[in-house]
Amino acid sequence: MNTIKQTLRDSAVARWAAVILISIMMFSSYCFYDIFAAIKPNLQAQTGMDNTDYGFIVGAYSFTNVFLAMAFIGGIILDRWGIRKSGSVFITFLFIGTFLTAYGATGTFSNGGFGYEFFSSFLKQYSPELKIMVLGRLLFGLGAETFYVIIDKAIAKWFKGKELALAFAISLGFGRLGTVMALMLSTRLVPDVGMGPIDNAMWFGIVITFVAVICFLGYLIYDVKLDKSKTEKVIDEEEKFNFKEFVGQFSNKSFIYTTLLCIMFYAAVFPFINFAPDLLQNKFGMNPKASGDWVTILPLGTLIFTPIFGWFCDNKGKSATLMIMGSLLLIVSHLTFSLTNLTPIIPLFMLGIAFALVPAAMWPAVARIIPGHLLGTAYGFMFTVQNLGLLGVPILIGKILDIVNKNNQSGEPLDYTLAILLLSVLGILGIVFAILLKKDDKKHAHGLELPNKTK
């Protein structure tokens with residue numbers, strides 16, 4: 001391959017500015033994804049939705065990525081079109097989805113606002129609010145999941161051979177900060193349960209997503225400058241996307257094990273966050289504001305520890321080992337929640353560390369397992385199958401809650417025991433795949449236990 005002279009990515013200021021600008025979208029999308037978690041009772045009181053309806057809204061995020069494989073297709077589009085063109089397309093879907101979801105939850109829509117009559121005209125067994133919010137979450141998920149693939153490839157483009165795991169960790173940290181913002185601020189932007197609309201929280205979600213769109217436009221300037229700073233074109237067959245070559249990666253057991261770990265791990269974490277404040281309210285008698293604040297222990301822990309573990313992977317290695325450790329902590333955390341009455345600070349803290357360990361090690365590891373020109377497609381495939389869990393598990397949790405608590409008297413706390421035990425089972429499967437990954441890495445020498453940083 002031809003060598004390339006020094007480029008913009010060799011400037012630490014430029015590459016960190018680029019990753020921060022594009023990661024603002026990670027912050028805003030995670031904030032909006034989790035914005036309903038702490039105000040679930042408010043949403044249900046306002047719209048009359050039950051737990052299953054709420055599970056459908058949460059799960060709709062993953063519909064296009066499961067049944068249409070859009071994150072996978074988006075990854076292929078990314079490898080063909082590049083970051084700038086594909087990013088512009090999918091960020092548009094993300095923003096439209098954010099707007100529809102938020103608007104559907106407002107009193108403006110419920111009181112006969114624009115589109116209310118249309119959404120009342122079909123599938124009349126479902127409320128107009130549920131239908132527009134499901135559509136919005138569907139478009140939001142279509143845009144967001146593919147945009148995460150774009151962020152991952154952008155980070156690999158700027159940081160491969162440098163502070164790769166740390167860059168992934170910082171970007172993930174923006175997402176965790178978004179979750180913290182959602183859990184703490186949403187309860188402070190709405191009245192007490194049943195006392196009024198949740199409009200302020202919804203408009204806030206729209207505004208921060210719009211700000212993120214502006215930041216992405218700023219990132220595009222850096223991306224153009226990076227490509228122009230390459231004084232020589234790299235014209236090599238291994239730089240060209242080849243779908244047949246990607247299909248060949250399914251014989252790569254390390255890639256398969258990493259993907260399966262990804263499915264189990266995220267299915268045991270993200271749906272939990274969406275139900276966690278309600279769990280704390282029902283099991284520990286907390287009020288909505290307190291429950292939202294307590295759940296922030298989880299993302300705050302990841303915000304602190306993910307960069308630390310990312311630095312460790314860059315400089316010391318041991319990525320496969322860290323994935324095993326994180327999966328084990330996940331199991332212990334969920335078992336503690338479901339089978340004991342210990343203060344929730346303990347399992348939340350453990351889950352926060354697990355949520356830092358696995359992603360900090362896993363996403364950079366893919367760049368070692370898969371060739372760079374196939375990374376967009378590989379990440380897209382992983383995000384697509386990951387959404388199988390993100391679609392099904394929230395709906396299943398909602399169903400379990402409605403079945404287990406069907407004879408509850410009005411105001412009686414919900415029993416979450418079986419619902420959280422389900423997440424423990426997912427954690428057990430995750431640790432099996434993490435162990436198999438480490439074993440396969442020893443056999444094929446992908447270097448997952450070696451430092452990421454080469455210079």
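Determine whether ILE324 is of a type in the set (Val, Ile, Thr) and either touching a Ser or Thr at 6+ places or on another chain (Cβ under 7 Å) or outside any helix (DSSP H, G or I) (or both). When the stated conditions are applied, ILE324 does not pass them. Helices (runs of 4 or more DSSP H) fully within the stretch 70-185 that include at least 3 residues being in contact (Cβ under 8 Å) with a residue 40 or more places away in the chain, surrounded by 18 or more Cβ atoms within 10 Å (Cβ to Cβ) and among the polar types (S, T, N, Q): 83-104.
Taking interchain pairs and intrachain pairs at least six residues apart, which have beta carbon atoms under 8 angstrom, with the first residue in the stretch 414-439 and closer than 13 Å to LEU339 by Cβ and the second of a type in the set (Phe, Trp, Tyr)? Hits for this filter: TYR416/PHE275; TYR416/PHE337; ALA419/PHE275; ILE420/PHE272; ILE420/PHE337; LEU423/PHE272.
Condition test on LEU448, is it under 24 Å from ALA267 (Cα atoms) and part of a loop (DSSP other than H, G, I, E, B)? Taking the combined requirement at face value, the residue satisfies it. Selection of the stretch 186-205 for residues being part of a helix (DSSP H, G or I) and crowded, with 17+ Cβ neighbours inside 10 Å yields SER186, THR187, ASP199, ALA201, MET202, PHE204, GLY205. Out of all the residues in the stretch 332-350, which are surrounded by fewer than 21 Cβ atoms within 10 Å (Cβ to Cβ) and in a helix (DSSP H, G or I)? Correct list: VAL332, LEU335, THR336, SER338, LEU339, ILE345, ILE346, PHE349. With respect to the conditions (1) under 30 Å from ALA45 (Cβ atoms); (2) modelled with pLDDT of 90 or more, VAL432 falls short on a single one, namely (1). Within the stretch 406-455, the set of residues being over 27 Å from LEU164 (Cα atoms), out of contact with any helix residue (DSSP H, G or I) (no Cβ under 7 Å at 6 or more places or on another chain) and of a type in the set (D, E, K, R) comprises LYS406, GLU412. The one condition from (1) modelled with pLDDT of 90 or more; (2) among the β-branched types (Val, Ile, Thr); (3) under 29 Å from PHE90 (Cα atoms) that ILE397 does not meet is (3). Out of GLY74, GLY82, GLY97, GLY48, one residue alone is modelled with pLDDT under 90, within 25 Å of ASN274 (Cα to Cα) and of a type in the set (Gly, Ala, Ser). It is GLY48.
Selection of the stretch 400-414 for residues being within 28 Å of GLY326 (Cβ to Cβ) and not β-branched (Val, Ile, Thr) yields only LEU401. Residue count for the stretch 364-415, restricted to those that are in a loop (DSSP other than H, G, I, E, B) and either closer than 24 Å to GLY285 by Cβ or hydroxyl-bearing (Ser, Thr, Tyr) (or both): 11.
Of everything listed in (1) over 30 Å from GLY178 (Cα atoms); (2) in contact with a Phe, Trp or Tyr (Cβ under 9 Å, 6 or more places away or on another chain); (3) among the β-branched types (Val, Ile, Thr), the single unmet condition for VAL247 is (2). Scanning the stretch 278-294 turns up at least one residue that is within 30 Å of PRO413 (Cα to Cα) and of a type in the set (Lys, Arg). When the stretch 403-420 is filtered for residues that are crowded, with 16+ Cβ neighbours inside 10 Å and at pLDDT 90 or above, the ones remaining, listed by number, are TYR416, ALA419, ILE420. Restricting to the stretch 432-455, count the residues that are aliphatic (A, V, I, L, M) and in contact with a Leu (Cβ under 6 Å, 6 or more places away or on another chain). Count: 1.
The values are calculated or read from the model by the stated rules, or taken from the named source; none is laboratory data. Please read all numbers here as calculations on a predicted model, not as lab measurements. When we count neighbours, we look across all protein chains shown, and the Cβ atoms used for this are built from the backbone with ideal geometry, even at glycine.
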